[in-house]
Structure formats: structure tokens, C-alpha cells
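Read the structure below first, then the notes.
The values are calculated or read from the model by the stated rules, or taken from the named source; none is laboratory data. A quick note: this is a predicted structure, and the numbers were derived from the prediction, not measured. When we count neighbours, we look across all protein chains shown, and the Cβ atoms used for this are built from the backbone with ideal geometry, even at glycine. These area figures cover heavy atoms from the full protein model, side chains too; ligands, DNA and RNA do not enter into them. Shrake-Rupley method; radii C 1.70, N 1.55, O 1.52, S 1.80 Å.
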Amino acid sequence: MESVDETRWRFERDGFVVLADLVPGERCDELRRHVGGLVSTVDPDEHRSVFTTNEQTRTSDDYFLASGDRISYFWEDEAIDADGALIAPANRAINKLGHAMHDLDPVFDAFSRAPEIAAIPAALGMRHPVLLQSMYIFKAPGIGGEVVLHQDATFLRTDPPSVMGLWFALEDADRTNGCLWAVPGGHRGGVRRFFRRAESGGTEFVGDDTPLDSTGEIPLEVTKGTVIAIHGCLPHRSDANRSDRSREAYTLHLVEADRPYPADNWLQRPTLPLRGF
Ligand code: FE2
């Protein structure tokens, strides 16, 4: 078994580390069943309405910008037709839930703050991690969309960057159903681009918009129960899921409590103070 020092060394070298068999399979199944229950009670008409106005971009921006201290529902692009109607069942049409599941949902609160989870950022060098953001990602068979190459530090900013992602495979993930891809060592170049609230409303990117270099990227094919810890500056992405198998995952993003958090970060939590483990 690898020592904590070796794991941290690999994390610092590669910008990620794959921790297999960290979550028991039954626990993954429990989380999936719990989310299945949440989704089965969602009122698609209510949530769909955000896509049905003529000001589609503005209202979906508002919905997104208000989701930092909520559990909001985001649909797959391909699941919404030109009139804003869902063309797939809700459990297939959902892209993700976010972004405060770890604070508002008792099941995900307990899961996210378990001692074995808290031990990961501690082992990888975080000093005072707080749980900033969480998402449940469906990546449904046939419809789950791609996530283009990005760095989490673009979106979840502290100054200087401190975000770490924990990506939990609740099902096996491989190239056919949209596993993560990452560029080993790509975190060492830092982050050059930021996503923020624009003064005029909505959001904008600022900084260097040169595309991230994908040279040397590798697929991170993992089995159910694996956790991948991701440095905030690591370029990573995932393909669309064109297989007939789902690829559900839960993600948690941590930041250092003492790093300044810009007021124009897209993610604001006016009703929820940040908490650690
Ligand atoms: Fe990411």
C-alpha cells in the first residue's frame, strides 16, 4: 500500500490522484437511490420554466447565479426542444443537481463530511478546507453532454487559487460512457482565465482565452467507488456519454478558508456560511 507521502507526491507531480475503492459499492448505490427519489419528485414544469422565456439566456443565467446556496436542477441541452419542452423523461433529461447538496441535503452532508473523505484533502496538503460547492452529475446514457477542457480554478476562485475537486465515481466510468480525461502535470502552468459575474449582469470570462493545451491527455477509467482528487489548475474534461450505460458521479469542491474569495465569483452563498468537515 502506498504511503501518504507518496500519494501527495503523485498529486503534486500529476495534478490529480486516483484513489480506488474508497467508497463501498453499497454506499454508491444508496446515494444513487436517494437522488433517484429526489428526481422523481421534481416538478419539471416549474423547473423547465427557466428555459421557456424569450430572454432565455438571461433567465437561465439568473437561475444559475442563484444556485450557489440551493439544490437546483440543470437540464441537458439536448433534452429541451425549441419551445422549451422536455423531450426525455426527467431522470434522463437532467444534467446535474447543484450547488449546495453538501449543506442542504442530509444524506450528502453526511457523505461529504465523513472522516474518510476529510482525510483526503488533509493528506494532499490542504490546511483549512471548507466545502464550497457540490454537484450530482447524471451523464445519462445517450444524452449526457460533454464537458470541455477546463480548470476548476477558472470557475471557483480564491486569490491565490486553492480549489481542490473530489470526483466520486458512483458507477464504473470508461471511455465509452464519458470518463474524465486529464493532462498530467498540466496544473503547473497555473490558471490564466477567470469566469465572473459581469457588472452589466450575467457572466463573462476574463484573462487569456488561448485554448488549454490537451497534449498528453489521458483517460481516467475508474471503477465504481473510486475518488479522483483534482488540483484546481489541472486541465480536465469529459466526453458525451453515447453508450447505453449511465455514468453518475458526485463532485465536491473545497477551498482554503483563509484565501480571499472575490465578490464577483459567480458562486455566492448569501444564506449559507462556508463550513469545513
Ligand atoms: Fe471540473
Check: Which value, in Å² and to the nearest 10, is the accessible area of D258 when all protein chains are kept and the probe is 1.4 Å?
Finding: 90 Å²
Next item on the list: Give me the orientation-averaged projected area of the Cα convex hull of the chain, in nm², one decimal.
Entry: 14.3 nm²
Item checked: Length-normalised contact order for the stretch 85-183 - Cα pairs under 8 Å, 6+ apart - percent -> 28 percent
Checklist line | Largest to smallest accessible area among Y261, Y63, Y250 [probe 1.4 Å] | finding: Y261, Y63, Y250
Item checked: Contact order normalised by residue count of the chain, Cα under 8 Å, 6+ apart, percent -> 29 percent
Next item on the list: On the full set of protein chains, 1.4 Å probe, figure out the accessible area of T7 and give it in Å² to the nearest 10.
Entry: 20 Å²
Notebook entry, point to check: So, with a 1.4 angstrom probe, what is the percent of accessible area on the chain that is carbon and sulfur?
Noted result: 51 percent
Next item on the list: Starting from the Cα of V42, step 7 Å along the direction of its Cβ; do the same at R275; then give the gap between the two resulting points in nm.
Entry: 2.4 nm
Next item on the list: Give me the accessible area of W266, 1.4 Å probe, in Å² rounded to the nearest 10.
Entry: 10 Å²
Check: Around A88, with a cut-off of 11 angstrom between Cβ atoms, what is the net charge of the other residues, counting Lys and Arg +1 and Asp and Glu -1?
Finding: -2
Note to self: Run lengths n ≥ 4 of DSSP H only: what is the helix-derived mean residue ellipticity at 222 nm for the chain, with -39500 (n - 2.57) per run over all residues, to the nearest 500?
What the structure shows: -6500 deg cm²/dmol
Next item on the list: Have a look at V222, V163, V147 and tell me which one the Gaussian network model of the chain (Cα, springs below 10 Å) gives the largest fluctuation.
Entry: V147
Notebook entry, point to check: When the chain is treated as a GNM, springs tying every alpha-carbon pair under 10 Å, which of H231, H99, H128 comes out with the largest mean-square fluctuation?
Noted result: H128
Item checked: Protein-only accessible surface order, largest first, of M126, M101, M1 at 1.4 Å -> M1, M126, M101
